[in-house]
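Q: Pasting a structure here, questions to come.
Computed from the coordinates by the stated procedures, all read-outs in this text should not be read as laboratory data. Because the structure is predicted, anything quoted here is derived from the model rather than measured. For neighbour counting, all protein chains shown are included, and Cβ atoms are generated from backbone atoms with ideal geometry for every residue, glycine included.
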Amino acid sequence: MKKLLLLLLTSYSLFAQNNIIPTPVSYEMVTSGGMSMFMLDARTSIDVTDNNPEVKRIAENFINSLGFMSSQKPVFKKVEKPTMQDKVMIFTLNKTPNAQLGNEGYTLDVTGEAIKMTANKPAGLFYAVQTLRQMMPPQVENKEFSMGMFPIMGCKITDYPRFGWRGLMLDVSRHFFTKEEVKNYIDLMARYKLNTFHWHLADDNGWRIEIKSLPKLTEIGAWRVERFGGFGNRESPKEGEEAKYGGFYTQEDVKEIVAYAAERNVTIVPEIDVPGHSMAVLAAYPELSTKKDLKRYVDPGTKFADWFPNGTFKMNIENTLNPSDEKVYEFLDKVFTEIAPLFPNKYIHMGGDECYHGYWEEDAGCQAFMKKNNLKDVHELQSYFVKRVEKIINKKGKVLIGWDEILEGGLAPNATVMSWRGMKGGIEAARQKHDVVMTPTTFAYLDYVQGDPTVEKPIYASLSLKKTYSFEPVPDSTDAKYILGGQGNLWTEQVQNYRHALYMTYPRAWAIAETVWSPKEKKDWDGFVNRVENHFMRFDAANLKVSKAIFDAIVTTKKDGEKLMCEMTSDMKGVDVFYTIDDSFPDKFSPKYINPIEIPKGDVTLKVATYRNGQPLGRILSIPRTDLEKRAKK
Ligand code: ACM
């Protein structure tokens, strides 16, 4: 027992710092003349002051998530005079609301004898508990770590969010993630006080939600042929090949996930992406397109489009619904009639992004429709479509939200805009007095490569943790009251399994969480990175995958006349970079990087290693000169 205590105290002193992500509004260490620490153990009781059932469940879920043996679990009991032998965790809902805390804020007081938590709403107490958990040593995240003793350092915290919309989007269309994986994704985001799960349920590569009145959506639209390798270069289905890859969520699954999320203060915004991104719909119901081609299939990621340097593209396969056909609106009415009651959230996302207009331009029916309705171009035709969809969604008691393309041709009257092509769509929507969620590619796209392209699967762009952390959702020119918050988006064209989805999401989602929860003035990159390292240990202890690309060197090159010059840096303090250009493996006795070096001509490969305090840190990068040359041209 003594040994156990020593181990705990050692880990306590190692982790006796505020490791909380997102960082709280105010945090004070309580020392009361010496070290103050609460040991959560079998001698702890739980007091839910007004017996609120929601709060009791929060307390129970918390205790059950720690490695307590059942005989040692704290029990519900009032303790009049707490002592070190008879300790208590007190959960209190304020009778008179504390205006500063709002709906999700909390206070947390930890001394040797008691943990006191207060909030206006159960959501605040849920977040108090998430903070408590992060104040324990990282080993608690290992389910096998069952010592029945959980130390928490004395402190006084007041905390509440900066924004109401703190989101993550998961694309379950390009690759399917099971019900249990979706729940786990929600569980993890909730631990970082993210509260909005944007569920991208329909896209070209799979329809993922049961619609009882339209059974072919899931019988046909949820399945494609299995393909591996780069998305956009995959082989089309062969004649007679069975579509076996995919899956969908039944309405019972959805109810279960919505309830699971609600227990974690997470609300779900479902997205049905129309009128573009609809190949899966059209595989099931080809009559909803202009061409009505019956030989359609759910695309497995073929070369379905040509992309041009100016950012425009041409679809080689029709993936748009036909906005001139009344049947399309009847179809969408059926879809939203079934979706609306499944989700308590007030929003339904209708996509609206990247809609290719070429098939509408070629179609005589669309042209006649535009003439009849005085629509001068295809942008106005798309705006007509969005406004019709808004009426359907509003009729179901919901608010329409869409990607920023819904601004083109005129915004629907009550729409909320999700700004993804930078911040400009959001700025314009706020100028027009519409609500906005900021989720710009430049800071919030979690599908972008986060480390050196030689050790990651390349995709069209890069986004480092540091850049994500510099995200500021309210532009100077914009009235903050229209900015509901921000969100990170995980598109999964190149994400083929759940562990990789976690790798792409974390740690960047921690940067997003801090951006949307913590006060702007409390953001501090170096402090954040220290805390990130603590959370790496937490993910490691829980066997969860996380990207440690932040430990790798950053290699950039420049041309100086004929010379190819190379810089090797790190986004972290205290990191030494060592390199070789002689085909040997770099270690801490190799040349240390100090100033830019010239890469000599020839069949040369640069190898780079990072060390800290003499210990290896990141992955070793190995970059041929030809690749370094290409970097210089960018
Ligand atoms: C998007 O990334 N197409 C919204």
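Q: May I ask you to list the trypsin sites (Lys or Arg not before Pro) in segment 237-280 that are in a DSSP loop and have at most 13 other Cβ atoms within 10 Å of their Cβ?
A: Lys238, Lys244
Q: Within segment 480-506, name every residue whose backbone N is under 18 Å away from a label modeled 7 Å from Cα of Glu180 along the Cβ vector.
A: Those under the cut-off are 497-502.
Q: Moving on to the next point. Label Lys371 and Ala99 with points 7 Å out from Cα along Cα→Cβ: what is the distance between them in nm?
A: 6.2
Q: Using alpha carbon coordinates only, what is the Rg to Rh ratio of segment 420-459, with Rh defined as the Kirkwood radius?
A: Here Rg/Rh amounts to 1.21.
Q: Suppose R0 equals 35 Å; then what is the FRET efficiency for Lys396 and Asp50 from their Cβ-Cβ distance, rounded to the nearest 0.05?
A: Taking R0 as 35 Å, the efficiency between Lys396 and Asp50 is 0.45.
Q: Just subtract the alpha-carbon distance of Arg421 and Glu326 from 0.36 nm times their residue separation and send over the number in nm, one decimal.
A: 31.1 nm
Q: Here's a follow-up. Please list 3J(HN,Hα) in residue order for segment 566-578, calculated via the Karplus relation 6.51 cos²θ - 1.76 cosθ + 1.60 where θ = phi - 60°; whole Hz, with x for glycine and proline.
A: Whole-Hz 3J(HN,Hα) from phi for segment 566-578: 10, 10, 10, 10, 9, 7, 10, 7, x, 9, 9, 10, 10.
Q: Right, next: Output the relative contact order of segment 502-634, whole-number percent, from Cα pairs under 8 angstrom with separation of 6+ residues.
A: The value is 22 percent.
Q: Counting helices only, and only those DSSP H runs with n ≥ 4, report the 222 nm mean residue ellipticity of the chain as the sum of -39,500 (n - 2.57) divided by its residues, in deg cm²/dmol to the nearest 500.
A: -8500 deg cm²/dmol
Q: Amide H to amide H under 5 Å from Glu226: which residues, 5+ apart in sequence or cross-chain, H placed 1.01 Å off N in plane?
A: Lys244, Tyr245
Q: While we're on this one: Order of 196-202, 463-469, 46-52, 599-605 by packing, highest average Cβ count within 10 Å first?
A: Ranking the peptides 196-202, 463-469, 46-52, 599-605 by packing returns 196-202, 463-469, 46-52, 599-605.
Q: Can you order the peptides 482-492, 314-324, 527-537, 364-374 by their average number of other Cβ atoms within 10 Å per residue, highest first?
A: Highest to lowest by the protection proxy: 482-492, 314-324, 527-537, 364-374.
Q: Shifting gears a bit: In the P(r) worked out for segment 486-610, what percent of Cα pairs fall beyond 19 Å?
A: So the pairs more than 19 Å apart make up 62 percent of the total in segment 486-610.
Q: Still on this structure, please answer the following. Can you tell me what percent of all Cα-Cα pairs in segment 254-323 are more than 15 Å apart?
A: Percentage above 15 Å: 64.
Q: I've got another one for you. Could you work out the mean projected area of the convex hull around the alpha carbons of segment 82-237, in square nanometres to one decimal?
A: Its Cα hull, projected and averaged over all orientations, spans 14.6 nm².
Q: Over segment 323-452, calculate the relative contact order: mean separation of alpha carbon pairs under 8 Å at least 6 apart, over the residue count, as a percent.
A: The normalised contact order for segment 323-452 reaches 21 percent.
Q: Then there is this: Multiply the residue gap between Glu256 and Glu60 by 0.36 nm, knock off their C-alpha separation, and tell me the result in nm, one decimal place.
A: This chain segment gains 68.6 nm when fully extended.
Q: Separate question: Tell me the volume per residue, in Å³, of the convex hull enclosing the alpha carbons of segment 138-183.
A: Enclosed volume per residue, from the Cα hull, is 162 Å³.
Q: Distance from the Cα centre of segment 365-421 to that of segment 32-93, in angstrom?
A: 53
Q: Let me ask something additional. What is the ratio of the Cα radius of gyration of segment 76-169 to 2.2 N^0.38 Å, where N is its residue count, to two decimals?
A: 1.19
Q: Multiply the residue gap between Trp525 and Met69 by 0.36 nm, knock off their C-alpha separation, and tell me the result in nm, one decimal place.
A: 160.3 nm
Q: Also: What FRET efficiency, computed as 1/(1 + (r/R0)^6) with R0 = 25 Å and r the Cβ-Cβ distance, is obtained for Lys314 and Arg431, rounded to the nearest 0.05?
A: About 0.20, to the nearest 0.05.
Q: Now for a different question. Between Asp587 and Glu533, what FRET efficiency follows from the Cβ-Cβ distance if R0 is 22 Å, with the result rounded to 0.05?
A: That pair, Asp587 with Glu533, gives E of 0.45.
Q: Would you work out the charge dipole size for the chain about its Cα centre, treating the Cβ of every Lys and Arg as +1 and the Cβ of every Asp and Glu as -1, and quote it to the nearest 20 debye?
A: With only Lys, Arg, Asp and Glu charged at Cβ, the dipole is about 1280 debye.
Q: Taking the Cα centre of each part, how many Å lie between segment 585-606 and segment 126-203?
A: 42
Q: Tally the DSSP beta bridges in segment 458-610 and give the antiparallel ones as a percent, rounded to 5.
A: Percentage antiparallel, nearest 5: 100.
Q: Output the antiparallel fraction of DSSP beta bridges having both residues in the chain, as a percent to the nearest 5.
A: 50
Q: While we're looking at this one, here's another question. When N counts the residues of the chain, how does its alpha-carbon radius of gyration compare numerically with 2.2 N^0.38 Å, as a ratio?
A: This ratio for the chain stands at 1.05.
Q: On alpha-carbon atoms, Rg over Rh for segment 170-262 using Kirkwood Rh?
A: 1.02
Q: Also, quick follow-up: Using the Kirkwood formula on the Cα atoms of segment 132-218, what hydrodynamic radius do you get, in angstrom to one decimal?
A: Mean inverse Cα-Cα distance, inverted, gives 16.5 Å.
Q: Mind ranking 555-563, 207-215 by how tightly packed they are, going by the mean number of other C-beta atoms within 10 angstrom, highest first?
A: 207-215, 555-563
Q: Using only the alpha-carbon atoms, what does segment 258-369 span along each of its principal axes? Please give whole angstrom values in decreasing order.
A: 48, 34, 25
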